[in-house]
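Working notes, structure below.
The values are calculated or read from the model by the stated rules, or taken from the named source; none is laboratory data. The model shown is predicted, which means the values in this text are computed figures rather than measured ones. Note that we place each Cβ from the backbone using ideal geometry, even for glycine, and neighbour counts take in every protein chain shown.
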Amino acid sequence: MADKPMVAAHDQMMTLHISQHVEAHEPRESDPHYHLFDQAKRRLKAQGLWKCVIDDELCGGRPELHHSYVEFSEVGSTDPDKVAKHLGLHFNDDEDFQRWVEGPGNLEVLCSNHHRTRYGIHVLPEPLWQAVRYHKSGHEAPAHFVTAEEAEQRTTRRP
């Protein structure tokens, strides 16, 4: 197979408009499983693990717990059987599933930058988030969120 020339590095703008449907849900504090979330947080802190699992130059802000597979606000519209099959788990009943959602198997520590801001899992599409998660230190982040105003400025600056 002949060597193919490298594609030069380039920035590529894309626009996403996402409509997210969030089922009605009680505030976190009234969730009967919320204490499990707090327990997981306390254990992580006690074990010295209360820091962003990404641990790179993009880290910033305070540590936060992210629901990795099933977001708390989506638990009511999530099929536990599909989750169990996909992740190789077994839930005895809905209560068992609810406990798992608030437990260590569904939680990871991210800094606010990697959780909710321009480099965050709640902002970037999954393939781009994974590229940010695993990018090499010293290289530009593969993606980050830009506001509509920033996108417009970039577009008008280009020849």
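A few points about this structure:
- Residue count for the range 110-140 under the criterion of being over 16 Å from T15 (Cα atoms) and touching a Phe, Trp or Tyr at 6+ places or on another chain (Cβ under 6 Å): the result is 3.
- Among the residues listed as G120, G103, G76, G48, the single one being exposed (fewer than 15 other Cβ atoms within 10 Å of the Cβ) and touching a Leu at 6+ places or on another chain (Cβ under 9 Å): G103
- Per-region count, the range 110-159, residues of a type in the set (G, A, S) and farther than 20 Å from S68 by Cβ: 5
- For D93, the conditions (1) surrounded by fewer than 10 Cβ atoms within 10 Å (Cβ to Cβ); (2) at pLDDT 95 or above; (3) within 20 Å of V132 (Cα to Cα) are fulfilled apart from (3).
- Between A141, A84, the distinction of being assigned to a loop (DSSP other than H, G, I, E, B), hydrophobic (A, V, I, L, M, F, W, C) and surrounded by fewer than 16 Cβ atoms within 10 Å (Cβ to Cβ) belongs to A141 only.
- Any pair with Cβ under 7 angstrom, 6 or more apart, that starts in the range 38-56 at a residue that is over 14 Å from N106 (Cβ atoms) and ends at one that is of a type in the set (S, T, N, Q) and surrounded by fewer than 14 Cβ atoms within 10 Å (Cβ to Cβ): D56/S137
- Screening Y69 against (1) hydroxyl-bearing (S, T, Y); (2) in contact (Cβ under 8 Å) with a residue 40 or more places away in the chain; (3) not in a helix (DSSP H, G or I) leaves a single unmet condition, (2).
- Filtered residues of the range 97-112 (kept if without any contact (Cβ under 8 Å) to a residue 60 or more places away in the chain, part of a helix (DSSP H, G or I) and not small (G, A, S)): F97, W100, N106
- Test: V132 is among the β-branched types (V, I, T) and assigned to a strand (DSSP E or B): no
- I54, sole failed condition from (1) modelled with pLDDT under 90; (2) surrounded by 12 or more Cβ atoms within 10 Å (Cβ to Cβ): (1)
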